[in-house]
1. When you go through Val140, Val146, Val134 one by one, which is the residue that is at pLDDT 95 or above and out of contact with any His (no Cβ under 7 Å at 6 or more places or on another chain)?
2. For residues that are assigned to a loop (DSSP other than H, G, I, E, B), of a type outside the set (Phe, Trp, Tyr) and touching a residue at least 60 places away in the same chain (Cβ under 8 Å), scanning just the stretch 526-554, find the one that is surrounded by the most Cβ atoms within 10 Å (Cβ to Cβ).
3. Has the stretch 475-492 got at least one residue that is of a type in the set (Lys, Arg) and within 16 Å of the ligand (Cβ to nearest atom)?
4. Can you give me the number of residues within the stretch 97-114 that are crowded, with 24+ Cβ neighbours inside 10 Å and either within 16 Å of the chain's Cα centre (by Cα) or away from the ligand (no atom under 15 Å from the Cβ) (or both)?
5. If you go through the stretch 175-190, how many residues are within 24 Å of Thr138 (Cα to Cα), outside any helix (DSSP H, G or I) and out of contact with any Lys or Arg (no Cβ under 6 Å at 6 or more places or on another chain)?
6. Please go through the stretch 70-86 and give me each residue that is touching an Asp or Glu at 6+ places or on another chain (Cβ under 9 Å) and more than 14 Å from Gly375 (Cβ to Cβ), ordered by number.
7. How about the stretch 154-169: which of its residues are touching a strand residue (DSSP E or B) at 6+ places or on another chain (Cβ under 7 Å) and not in a loop (DSSP other than H, G, I, E, B)?
8. What is the number of the single condition among (1) touching a Gly at 6+ places or on another chain (Cβ under 9 Å); (2) buried (at least 19 other Cβ atoms within 10 Å of the Cβ) that Ser569 does not meet?
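The values are calculated or read from the model by the stated rules, or taken from the named source; none is laboratory data. None of the values given here were measured: they were computed from a predicted structure. Methodologically, a virtual Cβ is constructed for each residue, glycine included, from the backbone with ideal geometry; neighbour enumeration extends over all protein chains shown.
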Amino acid sequence: MQSPSTNNLCLLFCFLATLLAAGASAQQSVTSSVSGKNQKPITAIKPKPNSNNIPMVGVDSTTLLPLSKHPNTVEGAIYADATKGAAERTLDLLRRMTFEEKVEMTGGWNKFLTHAVERLGIRPVSMADAGQGVRLSTTVIRTRSVSFPSMIALAATWNPSLAETFGRSVGEECRALGVDILLGPGVNMQRLSMSGRNFEYFGEDPFLASIMAREYVLGLQGEKVISVAKCYLGYDQEFCRHIASSNMDERTMREIYLPIWESIVVEGKAMGMMTGNNLFNGISCYMHRPLINGILRGEYGFMGIAMTDWQNSSYFPDMQESVLTSGVSLMMPVNTTLKDYIEAQAAISPQRKAEIEILLEKMNFYTLYPLFAFGVFDREFSDPAYYKTFESHKTLARHVADEGITLLKNDRNILPIPAGKKVLLLGAEELQCGAGSGAVEGYDHISFAQGLRTVYGDRFAVNTQIDEAQVRKSDVVLVNLTKEGGEGRDIPFEGPDEQLDLLRKVVKINKNVVVLINAANGLPTDWLKDVRGVLWCYFLGQERGAALADVVSGKVVPSGKLPFTIERSPADSPAPTFNYLGGKPYWRGNNEYRSYWLGMEPATKDEFSRFVKPGEMLQVPYEEGIYIGYRWFDRKNLPVVFPFGYGLSYTTFAYKKISVRDAMASEGMVYVDVEVANTGGVDAQETVQLYVHEVNNTVERPQKELKAFAKVLLKAGESRTVTLALNSRSFSFWDVETHGWKYNPGEFRIMAGGSSVALPLTVGYELKVTGNE
Ligand code: BGC
């Protein structure tokens, strides 16, 4: 990863300088704003209840016209001229907007739309959740959208080009559905196996997550849809999410939690982001100036929309001045709290109003600039031509699910199961996605049962309960365990009790059991020794059944690798008591404490108010520092159930040779050649993983860190040399003395293999140079 180019920084400063100048001139023109030539009042329709019969929800079609067709567009104006640059157009528009319009532009108009400037022909801009596709209940046009696999399943493919195609396909759906801004992907780190939104993220490793998320963003934005990566920063658990502070030190922030943001902003050119509901080191994320204006905008050159999450702009009403200067630009879904503050301040004096207006213009600039840059006001609201891409999206959804499903156990080759065998599916009905804003409805669903039936025909049966004879007579019994993730609540490690009970009974009747895990959270695995196979299935979207059947039948050879570690028990995790209140875990985080906490109600309905005073922040200390995931388990020498990067195949691979070509001095790169062979009988994909360790480290460093990977297809019997590239960042740590990345000369160990614990090849490498970025 490169640091932001000086060009970017220059650009940023130039823009800000221009913006300030424009701000000053706008002061003079506030009262003489130009209005649209043929100005006609356009009435917005209030949102109607979600109805499948009403494709357009919330607005009438005139309101959504592009600038070239809107009756109120100022003829000849720069902002309306699609041949002009985005910054110039934004500044021109800002010059024409009234103080009130600028205030409105800092907030949403209704749940998923921004304010229009109807007077000037600027339409409202639409946004929709989430990541695994478009969540129709949030869109204006509600026809159909494909439910792809969840982000965690995408991460499990370890296939960056699939991530790019995935993002592009979701972008195509957005263009059909009139979605200008997609509220995704989720890019928080999996710090805890119990975190409720793990399914929306890319797992526990900053390197894997950075590459996969960056590719998704590049694909999505390639379709001129703004990606709002979320939620910045340290929003890694749902526990009391609006009032809990994620507290971490500088090195932890830089090495674990920021790399993904650097990657999607600097390399992926993300033009949107959402701030976390949480606080970060004691300051609410949406008012965190060092994080937003400092790191994101100043260091990474982020020129995009920085919006709040949906409930948190009403928390901390007394600190609204810092919202104006933090670098955030848009309060969603509404700016009521900020607006009250602005109006009160503007009433103090004309000078104060003028000061505020400059701040508003900065905020508005960051919201409007990306919209002009992406041509949002120049194009038709929706482009039905994109519907013809949807069929290919179904194929892609199946492909991603095929590559994501992760084979964790396969004793006596119980899988694949040949056609003609008697297969029984038991357990919970599977979920195709998690709950909350990460949910995507999808259509033409193929359930697990439907998918399996197409392969095994009438020799396939499904049951929710145990019929002893049926279980005994089956050749293989698949037992599905489901744990639903979702926003606003973390997921207890224990359970799902009923399904686990059922499983424990089934293994007593039939030994040929394969467990399907339909989840993204930790769970007890005491049953593991009693089953022959395990497939981790995450949430696989609408094509889930087809993909499961592909893998179970052997049509597809599994190639997924775990993007997280499966721990033995929550006690092994870096923060087992992360959500303790009064000595007990508290599993809620969805705003129910708001009225009490803000002093509007005497108590909450549950035990919360016994332990937390109104206005009192909760603390989530990230005491494990840089040691999350495998870094933690390595350091503590704790055995795990399945390690990060692990996943079996229907073939076997042999890692044969490793060598290093040092081009650090000339190219800033180190090339590592790894020879890997498919030693089994079927063609299959393998992900070659490269981990780095500094031997004579001056600061404490993890035993190993993933620094490169490549997924390759190897024919049965084929041997191939894969070249992986490392750069200075691969050897660096964050130096708290100089506040920068640093690499020291000396001995490094480079390890290659097929998982974080199976690394048969090791080579020493002596870094001869030192450096800072
Ligand atoms: C979630 C966001 C989501 C928003 C809009 C919030 O509760 O945290 O991720 O984009 O709602 O649905």
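1. Val134
2. Going through the qualifying residues, I end up with Leu540.
3. Within the stretch 475-492 (the criterion being of a type in the set (Lys, Arg) and within 16 Å of the ligand (Cβ to nearest atom)), the answer is yes, since at least one residue qualifies.
4. Qualifying residue count for the region: 3.
5. 10
6. His70, Asn72, Ala77, Ile78
7. Residue satisfying the conditions is Ala156 alone.
8. Evaluating Ser569 over (1) touching a Gly at 6+ places or on another chain (Cβ under 9 Å); (2) buried (at least 19 other Cβ atoms within 10 Å of the Cβ) leaves (2) as the failure.
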